[in-house]
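Undergrad: I have a structure here, written as structure tokens, and I will follow up with some questions on it.
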Amino acid sequence: MRKTFELEDLDCANCARKMQEAIAKIDGVTYVSVNYMAQKMVLEADDQIFDEVLSKAVKAVKKVEPDCSVIVK
Amino acid sequence: MRKFFAELTKKQKKMLLRIVVSVLLTLLLTVVLNIIPLNEYVSLILFLIPYLVIGYDVLLKAARNIVGGSIFDEKFLMTIATAGAFFTGDYREACAVMIFYQLGELFENIAVGRTRKSIAAIMDIRPDYANVIRDGEEQRVSPDEVFINDIIVIKPGERVPLDGVVLEGISSLNTAALTGEALPVDIVEGDSVISGAININGVIKVRVTSDYSGSTVSKILELVENASDKKARVEGFVSRFAKYYTPVVVILAVLLALVPPLILHSGWGEWIHRALIFLVVSCPCALVVSVPLTFFCGIGCASREGILVKGSNYLELLSKVTTVVFDKTGTLTKGVFEVEAIHPEESKYDLFELAAIAESKSNHPIALSIVRAYGKKGKEPDKSRLGTVEEIAGKGIKAEIDGEDVFVGNGALMELSGARFHECHKTGTILHVSVSGRYLGHIVINDEIKPESSKAVSELARDNIKTVMLTGDKKDRAEEIGKELGINEVYSDLLPQDKVVKVEELIADPASTIAFVGDGINDAPALMRSDVGIAMGALGSDAAVEASDVVLMNDNPLALPLAVVIARRTMRIVKENIVFALAVKVLILVLGAIGVAGMWVAVFGDVGVLIIAVLNALRAFKVKH
């Protein structure tokens with residue numbers, strides 16, 4: 001499953017790059033792209049573990065930039 | 001001005017307040033201390049107040065980053081630079097550096113945020129809902145809950161949520177967001193509508209022909225969202241540069257603080273002060289922010305004109321294009337063939353009717369034109385007379401009609417059929433027809449040249465770009481078109497596979513960058529093989545959108561020179577920013593080292609350069625027609 005999430009207060013281009021690197025290392029992530037200009041994250045992982053992967057990704061985002069939040073609908 | 005404040009986010013407003021408060025406090029302290037000289041420690045403590053107001057978050061983040069192990073972080077360097085200024089007794093400068101640093105960050109944040117929003121608004125073609133008819137009732141559902149063959153209702157002002165065919169109603173569609181074309185498109189029953197367009201006046205009922213994930217709007221959004229993954233070479237250069245620039249400047253700063261005092265046995269204060277100037281200009285932010293921002297603006301600007309560029313690397317390549325290769329049909333010409341003349345040789349058979357029946361099951365553009373022209377006479381080809389049909393690539397079609405072998409195609413096919421044929425005095429596509437080895441005559445078909453083609457070719461020539469035309473047409477017809485449009489080189493009599501070979505020949509020249517322009521029919525290999533593959537009028541052709549690097553949403557050839565102009569302008573701005581930012585930083589480093597430039601100049605080198613570079617980057621969003 002591939003889903004797109006909005007990122008709120010993603011304030012620097014370098015942080016976006018760091019987030020992408022960190023999320024790519026999470027087990028089960030098959031594709032990730034953090035886009036500073038679009039303020040979006042595209043995350044792909046298997047359906048069964050998607051929620052688990054997503055929560056790890058959110059943590060990774062928070063670790064790089066505590067102010068930044070992933071909008072999970 | 002009021003609007004400017006109203007659009008600030010809460011976070012931005014808070015930062016603005018902090019900047020104002022710390023500026024006022026710093027000024028107040030400066031004045032007060034000029035009148036009443038206070039004890040050194042007291043004034044240090046007083047200046048720490050505005051410093052902490054403006055910089056507390058920078059200090060916190062710097063501390064956290066050190067724990068995380070990244071010492072060349074700009075926040076950490078700002079902390080060192082300002083702490084150093086306190087150490088050498090330049091309290092005012094310490095506050096000023098922090099204030100300007102935050103001002104620069106705020107400016108960057110606002111500028112990038114607003115640009116992002118305005119570009120996102122252009123690209124916001126995502127439909128929110130669809131009015132689907134279920135159990136005889138109209139229901140409002142999310143577009144991804146609608147399936148193929150569902151019936152949807154689109155009211156005036158609503159966005160077309162899914163691709164489909166109009167069942168009922170007359171209206172006009174605004175496709176500006178998709179194609180950059182300002183003129184509305186009129187639609188009637190039987191026309192197809194593309195998702196993302198806006199319905200202007202009438203209520204229409206549409207049968208859905210593709211689900212949401214396969215619809216035009218999803219494809220475009222996906223393409224736009226993935227565009228930033230493909231980086232230009234110059235972006236790679238900037239990020240490599242940024243990686244080394246900061247450590248190098250920091251090492252130089254350390255050396256500057258230590259070596260001269262040890263050799264010259266002079267005081268430490270002056271050299272530490274100079275080293276701090278190095279730290280202030282040690283952030284490559286101006287480059288790191290402005291270069292991707294310029295590309296983003298350039299891609300946004302192109303999208304507004306209906307030109308989708310799949311990545312900044314393609315924008316970079318597009319700016320270097322030396323040769324544009326056109327696959328004639330569908331790019332320079334309308335790709336819609338019209339029957340110009342029918343020259344029968346025998347009266348026993350109706351050659352037009354036979355040709356129409358033979359071609360009735362094919363969707364080749366020539367076949368469609370024959371059937372359409374036949375239809376204009378008020379007749380339908382009688383498909384029941386048609387037996388097996390075999391398409392012979394590059395030659396034509398062999399069909400069994402009333403039990404007889406009918407060949408419809410070019411001269412090569414006639415030779416294959418054994419019929420004795422002769423060429424026509426007219427230029428164009430000549431479709432010969434034979435039945436059981438007997439030659440019946442031929443139909444002359446021509447493809448109309450687009451009215452804008454000639455201007456597009458001359459605009460490319462003005463930009464020093466060579467034009468090449470590839471076509472399956474006969475030599476005389478091809479050269480006639482080439483001459484009319486002012487094309488530099490024309491290659492005719494090409495089969496689809498020959499076109500790829502030709503493109504490969506042209507790519508082999510290392511001095512040239514080749515853009516191949518095709519309409520997506522039969523030319524996917526050439527689109528992929530060329531340096532920049534450009535699909536024209538590609539709405540609805542999945543293969544072309546997939547294979548190409550640049551998608552021209554509307555089929556006006558003038559979009560091509562415009563794309564080149566946008567690409568070149570974007571690259572020029574990128575280069576301006578790189579040269580400007582580097583030149584100013586290096587100059588300040590040199591002047592700082594020899595003691596000419598002070599802290600204030602260094603602040604300009606950091607924040608001033610960033611602001612100027614960002615403003616310059618934003619110019620890439622505006623295009624001059």
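Undergrad: May I ask you to list the residues in the range B:587-625 that are closer than 24 Å to B:Ser118 by Cβ, in a helix (DSSP H, G or I) and either within 22 Å of the chain's Cα centre (by Cα) or aromatic (Phe, Trp, Tyr) (or both)?
TA: Within the range B:587-625, B:Ala613, B:Val614, B:Leu615, B:Asn616, B:Ala617, B:Leu618, B:Arg619, B:Ala620, B:Phe621 qualify.
Undergrad: Any residue that is in a strand (DSSP E or B) and either of a type in the set (A, V, I, L, M) or more than 23 Å from B:Ser218 (Cα to Cα) (or both) - is there at least one of those in the range A:57-69?
TA: There is at least one residue in the range A:57-69 that is in a strand (DSSP E or B) and either of a type in the set (A, V, I, L, M) or more than 23 Å from B:Ser218 (Cα to Cα) (or both).
Undergrad: If the requirement is being away from chain A (no Cβ under 14 Å), more than 16 Å from B:Leu162 (Cα to Cα) and either out of contact with any strand residue (DSSP E or B) (no Cβ under 8 Å at 6 or more places or on another chain) or surrounded by 20 or more Cβ atoms within 10 Å (Cβ to Cβ) (or both), which of these qualifies: B:Gly104, B:Gly113, B:Gly84?
TA: Exactly one residue qualifies, and that residue is B:Gly84.
Undergrad: Then there's this: Taking the range B:499-524, which residues are of a type outside the set (Gly, Ala, Ser), outside any loop (DSSP other than H, G, I, E, B) and touching a strand residue (DSSP E or B) at 6+ places or on another chain (Cβ under 8 Å)?
TA: B:Lys499, B:Lys502, B:Val503, B:Leu506, B:Ile507, B:Ile514, B:Phe516, B:Val517
Undergrad: If I filter the range B:232-255 down to residues being within 11 Å of chain A (Cβ to nearest Cβ) and of a type outside the set (S, T, N, Q), which single residue comes out as farthest from B:Phe295 (Cα to Cα)?
TA: Here the residue is B:Lys243.
Undergrad: Now a separate question. Only one of these is more than 24 Å from B:Leu106 (Cβ to Cβ), part of a helix (DSSP H, G or I) and more than 44 Å from the chain's Cα centre (by Cα): B:Leu38, B:Leu24, B:Leu33, B:Leu48. Name it.
TA: B:Leu33
Undergrad: Restricting attention to the range B:5-19, which residues are under 12 Å from B:Gln102 (Cα atoms), within 11 Å of another protein chain (Cβ to nearest Cβ) and exposed (fewer than 15 other Cβ atoms within 10 Å of the Cβ)?
TA: Residues satisfying the conditions do not exist here.
Undergrad: Given (1) of a type outside the set (Asp, Glu); (2) surrounded by 15 or more Cβ atoms within 10 Å (Cβ to Cβ); (3) away from every other protein chain (no Cβ under 14 Å), identify the lone condition not met by B:Ile148.
TA: (2)
Undergrad: To continue, here is another question. Test B:Gly335 against the stated conditions and say whether it is modelled with pLDDT under 80 and within 22 Å of B:Ala526 (Cβ to Cβ).
TA: yes
Undergrad: How many residues, within the range B:208-250, are among the aliphatic types (A, V, I, L, M), under 25 Å from the mean Cα position of the chain (by Cα) and part of a helix (DSSP H, G or I)?
TA: Residues in the range B:208-250 being among the aliphatic types (A, V, I, L, M), under 25 Å from the mean Cα position of the chain (by Cα) and part of a helix (DSSP H, G or I): 8 in total.
Undergrad: Would you tally the residues in the range B:284-306 being under 29 Å from B:Asn556 (Cα atoms), assigned to a helix (DSSP H, G or I), more than 10 Å from chain A (Cβ to nearest Cβ) and not small (Gly, Ala, Ser)?
TA: 3
The rows are residues; the columns are (1) closer than 29 Å to B:Phe5 by Cα; (2) among the hydrophobic types (A, V, I, L, M, F, W, C).
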position: B:Asn39; (1), (2): no, no
position: B:Asp57; (1), (2): yes, no
position: B:Glu74; (1), (2): yes, no
position: B:Thr88; (1), (2): no, no
position: B:Ala94; (1), (2): yes, yes
position: B:Glu108; (1), (2): yes, no
position: B:Ile119; (1), (2): yes, yes
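Undergrad: Could you grab me the full set of residues in the range A:38-73 that are crowded, with 19+ Cβ neighbours inside 10 Å and either aromatic (Phe, Trp, Tyr) or without any contact (Cβ under 8 Å) to a residue 12 or more places away in the chain (or both)?
TA: Hit for the range A:38-73 is A:Ala38, nothing else.
Undergrad: Moving to a separate point now. Which one of these does B:Val545 not meet: (1) modelled with pLDDT of 85 or more; (2) assigned to a helix (DSSP H, G or I); (3) outside the structural domain of B:Ile299 (by TED's automatic domain parsing)?
TA: Among (1) modelled with pLDDT of 85 or more; (2) assigned to a helix (DSSP H, G or I); (3) outside the structural domain of B:Ile299 (by TED's automatic domain parsing), B:Val545 violates only (1).
Undergrad: Then there is this: Does B:Ala176 qualify as being under 30 Å from B:Leu287 (Cα atoms) and either within 14 Å of another protein chain (Cβ to nearest Cβ) or of a type in the set (A, V, I, L, M, F, W, C) (or both)?
TA: No: the conditions fail for B:Ala176.
Undergrad: Tell me, which residue of the range B:297-347 that is on the phi > 0 side of the Ramachandran plot and surrounded by 22 or more Cβ atoms within 10 Å (Cβ to Cβ) is farthest from the chain's Cα centre (by Cα)?
TA: Residue satisfying both the conditions and the ranking: B:Gly330.
Undergrad: Give all pairs with beta carbons closer than 8 Å in which a residue from the range B:250-272 that is free of Cβ contacts under 8 Å to residues at least 60 places away in the same chain meets a residue that is of a type in the set (D, E, K, R) and in a helix (DSSP H, G or I); count only pairs at least 6 apart in sequence or on separate chains.
TA: The qualifying pairs are B:Ala257/B:Arg274.
Undergrad: Do we have any residue at all in the range B:194-203 that's surrounded by 17 or more Cβ atoms within 10 Å (Cβ to Cβ) and within 16 Å of B:Val132 (Cβ to Cβ)?
TA: yes
Undergrad: Working only within the range A:5-44, note down all residues that are touching a helix residue (DSSP H, G or I) at 6+ places or on another chain (Cβ under 7 Å), part of a strand (DSSP E or B) and within 10 Å of chain B (Cβ to nearest Cβ).
TA: If the condition is that a residue be touching a helix residue (DSSP H, G or I) at 6+ places or on another chain (Cβ under 7 Å), part of a strand (DSSP E or B) and within 10 Å of chain B (Cβ to nearest Cβ), then A:Ser33, A:Val34, A:Asn35, A:Lys40, A:Val42 are the ones that fit.
Undergrad: Which of the residues that make up the range B:208-245 are under 20 Å from B:Glu145 (Cα atoms) and exposed (fewer than 15 other Cβ atoms within 10 Å of the Cβ)?
TA: Passing the criteria: B:Ser213, B:Gly214.
Undergrad: Taking the condition β-branched (Val, Ile, Thr), at pLDDT 90 or above and over 26 Å from the mean Cα position of the chain (by Cα), does B:Val584 pass?
TA: Considered against the rule, which asks whether it is β-branched (Val, Ile, Thr), at pLDDT 90 or above and over 26 Å from the mean Cα position of the chain (by Cα), B:Val584 comes out as yes.
The values are calculated or read from the model by the stated rules, or taken from the named source; none is laboratory data. Bear in mind the structure is a predicted one, so any value in this text is a computation, not a measurement. No Cβ is skipped: glycine too gets one built from the backbone with ideal geometry, and neighbour counts run over all protein chains shown.
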